[in-house]
Amino acid sequence: MQVGRIARIGRADRLWSPSVSPDSPAAVTVVASDPLVVLKSVFGHSAFRGEQEDVVRHVVAGGDAVVLFPTGKGKSVCYQVPALCRTGVAIVVSPLIALMRDQVEALKQAGVRAAALNSAIAPEEIARSRADLLGGKLDLLYVTPERLMMDGFLAMLERLPVSLIAIDEAHCVSQWGHDFRPEYRKLGMLAERFPGVPRLALTATADADTRRDIVERLALNNARIFQTSFDRPNISYAIALREGGRRQLRSFLDRHTGESGIVYCLSRKKVDETAAWLAMEGIRALPYHAGLDRETRDGNQDVFIREDGVVLVATVAFGMGIDKPDIRFVVHLDLPSSVEAYYQETGRAGRDGGPAEAYMTYAMADVVQRRRMIDEGGADDTVKRVERAKLNALLGICETAGCRRQALLAHFGEVYPGPCGNCDACLSPAETYDGTEAAQKILSAIYRTGSRYGSGHIIDILRGEPTEKVTNAGHDRLPTFGVGRDLDDRTWRSVLRQLVASGIVAVDHTAFGALTLGDGAREVLRSQRKVQLRRDRAPVRERTRRRLEATAAPVSGPDEGLFDALRAERTRLAREQGVPPYVVFHDATLRALATARPRDIAGLADIPGIGRSKLERYGPAFLRVIAAAG
Ligand code: ADP
Ligand code: ZN
């Protein structure tokens with residue numbers, strides 16, 4: 001297809017209509033075909049972020065692209081802007097119906113002519129969208145892969161000018177990924193059916209296997225691959241031992257009043273209990289898990305998305321396809337299933353680029369339980385080995401004394417120079433010490449008692465506690481009895497936990513959690529291997545907290561009172577139209593408004609996130625709020 005000049009001229013007559021109003025949301029949008037002008041006038045962003053511009057220019061010029069950006073880096077712009085710069089309708093394939101609805105709504109608010117076709121849409125609306133499509137009145141059309149592949153649909157599209165084809169969540173094509181969708185495999189045929197139409201595949205999953213599958217299965221061999229760092233600099237990471245889980249959660253949430261966040265628990269029961277307890281504590285918390293009836297579950301999800309400041313307590317069943325941009329925190333009360341899962345789940349925070357926190361608490365019991373589940377599970381040995389390695393990688397990040405971000409990114413094969421200055425390890429570095437002698441004492445106590453006892457008994461022996469169990473077994477006569485009086489119980493448990501995490505001490509589940517010597521234990525006993533240990537931090541120290549807050553705070557902060565008033569206005573406008581508040585404006589836009597306090601339309605136009613359509617639609621209302629605040 002001839003792009004560039006011809007497409008641009010073709011587009012130039014479609015001037016942006018100044019008559020856009022809430023009653024005519026689908027008015028013609030485009031001002032110009034220069035990507036930067038489109039970005040500013042339609043989306044209100046003053047500059048492209050990172051690699052966005054390269055992708056956009058490449059696609060506008062007709063090239064294919066594979067876009068591997070982490071969540072929140074702004075993948076949508078990569079196809080939405082080219083869609084408006086090129087002639088014809090852009091086809092966006094997406095597997096997630098709920099997400100489609102919100103994206104189409106957000107586009108309409110920006111004055112873009114967008115529609116979605118999927119099984120959740122009423123027949124009348126489908127008929128209307130079809131008519132718009134055939135009449136050349138659509139800029140973007142979102143479809144599920146099933147709908148796209150339906151008989152006749154592709155043939156109909158072939159007769160229309162198609163500006164580009166974007167395949168979102170492209171990792172669904174890969175069996176290696178966690179969201180494999182067989183119908184994605186068929187999308188490869190689009191290459192033949194739409195020759196000359198640029199195609200983009202976009203995903204936040206970037207391991208080598210998935211990437212190879214995307215290129216092969218979607219026939220993107222000539223595509224340029226755009227990949228950015230997977231770092232999410234605005235997310236701060238903290239991982240703590242679980243010690244009085246509820247108190248820790250409470251004090252964490254106290255720092256996040258009025259913010260939206262997710263609290264992940266491993267079991268449905270814990271979800272229910274935690275949500276009920278938080279509600280009793282006066283926090284607006286709602287449960288979400290697969291055991292709830294559909295209506296309750298969807299209702300709770302809806303409240304979380306549409307209202308400000310709700311805490312959603314959930315199992316991992318929640319989150320796929322949620323692109324609420326202003327989730328300010330993600331808490332894991334239990335160990336997640338892998339580093340990949342942890343990164344994906346925490347990645348749901350801070351999509352809008354604003355400061356966000358990922359906070360995990362875990363206990364040794366989680367590790368022991370997880371190991372048992374793997375060992376006793378029905379999987380074959382290879383799978384078990386992979387699962388053990390995954391758990392160990394996760395533990396490595398939990399137990400590291402170094403920068404969490406560096407460890408996380410290293411897991412994804414990225415070298416991060418670190419320290420990042422925005423994780424608990426960087427903000428309050430853990431002290432490390434030579435724990436070789438302590439480890440030897442533990443190992444020797446385990447060995448001398450025949451590898452038959454659990455941690456309580458072993459620690460009693462080391463601490464010289466003559467309990468009944470100890471004396472009955474004659475363990476008070478062992479040379480190791482009392483050799484560990486210099487350390488308290490908590491410290492011994494910390495040493496033991498770290499030894500279990502590193503595999504030097506193993507736990508035998510078939511013998512009621514008896515401790516045994518693990519890999520490398522003999523080398524430690526023979527002083528051929530040193531053991532470096534980390535002193536446990538006190539849970540969520542005041543100091544860290546203040547420093548975390550300090551890094552998060554903008555240089556010259558917004559007026560809090562005005563911010564709240566603007567937020568109330570946003571809620572009102574969103575309710576009126578039945579859309580989520582962030583579809584009206586993002587938090588960052590409200591914050592910028594509360595800081596800059598523009599007095600007129602010209603001043604408003606400079607605020608990030610306010611394109612021309614929203615300026616007309618909402619400008620006067622927000623100017624009134626600012627004026628009323630004095
Ligand atoms: P992804 O799909 O990669 O997770 P999105 O496309 O949802 O990311 O964008 C994430 C957020 O970043 C959105 O809130 C979007 O408005 C914002 N955003 C995207 N590009 C820009 C930009 N160039 N300038 C400012 N904000 C942007
Ligand atoms: Zn760090």
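The values are calculated or read from the model by the stated rules, or taken from the named source; none is laboratory data. None of these values were measured; they are calculated from a predicted model. Cβ placement follows ideal geometry from the backbone for every residue including glycine, while neighbour counts extend to all protein chains displayed.
Filter segment 390-424 for residues that are farther than 17 Å from P233 by Cβ and of a type in the set (V, I, T); which is surrounded by the fewest Cβ atoms within 10 Å (Cβ to Cβ)?
Out of the qualifying residues, it is T400.
So which residues in segment 402-416 are more than 11 Å from ligand 2 (Cβ to nearest atom) and part of a loop (DSSP other than H, G, I, E, B)?
Once the filter is applied, which keeps residues that are more than 11 Å from ligand 2 (Cβ to nearest atom) and part of a loop (DSSP other than H, G, I, E, B), segment 402-416 yields F412, G413, E414, V415.
Just to be sure I understand, how many residues within segment 240-250 are out of contact with any Ser or Thr (no Cβ under 8 Å at 6 or more places or on another chain) and either within 15 Å of ligand 2 (Cβ to nearest atom) or among the small types (G, A, S) (or both)?
So the answer is 1.
Pairs please, first residue from segment 406-425 and away from ligand 1 (no atom under 16 Å from the Cβ), second anywhere and part of a loop (DSSP other than H, G, I, E, B) and of a type in the set (V, I, T), Cβ atoms under 9 Å, 6+ apart in sequence or on different chains.
As it stands, the answer is Q406/T400; Q406/V415; A407/T400; L409/V415; D424/V540; A425/T400, since those pairs meet every condition given.
Can you name the residue in segment 252-305 that is touching a residue at least 12 places away in the same chain (Cβ under 8 Å) and of a type in the set (V, I, T) and is also nearest to E560 (Cα to Cα) among such residues?
For segment 252-305, the residue satisfying everything is T257.
Quick check: is even one residue across segment 470-479 at positive phi, surrounded by 14 or more Cβ atoms within 10 Å (Cβ to Cβ) and part of a loop (DSSP other than H, G, I, E, B)?
No: segment 470-479 contains no residue that is at positive phi, surrounded by 14 or more Cβ atoms within 10 Å (Cβ to Cβ) and part of a loop (DSSP other than H, G, I, E, B).
Residues of segment 436-454 being part of a helix (DSSP H, G or I), hydroxyl-bearing (S, T, Y) and over 41 Å from the mean Cα position of the chain (by Cα), which ones?
Within segment 436-454, S444, Y447 qualify.
Count, please, the residues in segment 224-239 that happen to be among the small types (G, A, S) and buried (at least 21 other Cβ atoms within 10 Å of the Cβ).
Selection size over segment 224-239: 2.
Can you find a residue that is at pLDDT below 90 and either touching a strand residue (DSSP E or B) at 6+ places or on another chain (Cβ under 9 Å) or outside the structural domain of R348 (by TED's automatic domain parsing) (or both) anywhere in segment 186-203?
no
Go through segment 41-70 and count every residue that is modelled with pLDDT of 95 or more, within 11 Å of ligand 1 (Cβ to nearest atom) and of a type in the set (D, E, K, R).
Residues that pass the stated criteria total 1.
Quick check on A439: is it modelled with pLDDT under 90 and either away from ligand 2 (no atom under 15 Å from the Cβ) or within 26 Å of G261 (Cα to Cα) (or both)?
no
Tell me, which residue of segment 391-405 that is within 19 Å of G347 (Cα to Cα) and among the charged types (D, E, K, R) is farthest from ligand 1 (Cβ to nearest atom)?
Among residues in segment 391-405 that are within 19 Å of G347 (Cα to Cα) and among the charged types (D, E, K, R), the one farthest from ligand 1 (Cβ to nearest atom) is R404.
Here is a yes/no grid of residues against (1) more than 20 Å from F512 (Cα to Cα); (2) touching a Leu at 6+ places or on another chain (Cβ under 9 Å); (3) not assigned by TED's automatic domain parsing to the domain that holds V495:
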| site | (1), (2), (3) |
| --- | --- |
| E437 | yes, no, no |
| L443 | no, yes, no |
| Y447 | no, yes, no |
| R463 | yes, yes, no |
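Determine if segment 426-435 includes at least one residue that is away from ligand 2 (no atom under 11 Å from the Cβ) and without any contact (Cβ under 8 Å) to a residue 12 or more places away in the chain.
Looking through segment 426-435, none of the residues is away from ligand 2 (no atom under 11 Å from the Cβ) and without any contact (Cβ under 8 Å) to a residue 12 or more places away in the chain.
Filter segment 120-148 down to the residues that are farther than 23 Å from T203 by Cβ and among the polar types (S, T, N, Q) and list them by number.
Listed by number, the list holds a single entry, S129.
Would you please list the contacts, defined by Cβ atoms under 8 Å and residues six or more apart or on different chains, that run from a residue in segment 372-384 that is free of Cβ contacts under 8 Å to residues at least 12 places away in the same chain to a residue that is loosely packed, with under 14 Cβ neighbours inside 10 Å?
These pairs meet every condition: K384/G377.
Applying the selection to segment 76-98, what residues are assigned to a helix (DSSP H, G or I) and surrounded by 23 or more Cβ atoms within 10 Å (Cβ to Cβ)?
Those that are assigned to a helix (DSSP H, G or I) and surrounded by 23 or more Cβ atoms within 10 Å (Cβ to Cβ): C78, Y79, Q80, V81, P82, A83, L84, C85.
Based on what the data block shows, is A240 over 19 Å from the mean Cα position of the chain (by Cα), outside the structural domain of G136 (by TED's automatic domain parsing) and outside any loop (DSSP other than H, G, I, E, B)?
When the stated conditions are applied, A240 passes them.
Identify, please: which residue in segment 429-441 is among the polar types (S, T, N, Q) and surrounded by fewer than 18 Cβ atoms within 10 Å (Cβ to Cβ) and is, among those, farthest from ligand 1 (Cβ to nearest atom)?
For segment 429-441, the residue satisfying everything is T436.
Would you tally the residues in segment 107-123 being more than 27 Å from the chain's Cα centre (by Cα) and of a type in the set (K, R)?
Number of matching residues: 1.
Can you find, within segment 299-357, the residue that is farthest from ligand 1 (Cβ to nearest atom) among those that are farther than 30 Å from K384 by Cβ and assigned to a helix (DSSP H, G or I)?
Selected residue: G299.
If we scan segment 119-130, do we find a residue that is touching a residue at least 12 places away in the same chain (Cβ under 8 Å) and touching a strand residue (DSSP E or B) at 6+ places or on another chain (Cβ under 7 Å)?
yes
Considering every residue within segment 358-365, establish whether at least one is over 21 Å from E273 (Cα atoms), in a loop (DSSP other than H, G, I, E, B), among the small types (G, A, S) and touching a residue at least 40 places away in the same chain (Cβ under 8 Å).
Checked against the condition, which is being over 21 Å from E273 (Cα atoms), in a loop (DSSP other than H, G, I, E, B), among the small types (G, A, S) and touching a residue at least 40 places away in the same chain (Cβ under 8 Å), segment 358-365 yields no hits at all.
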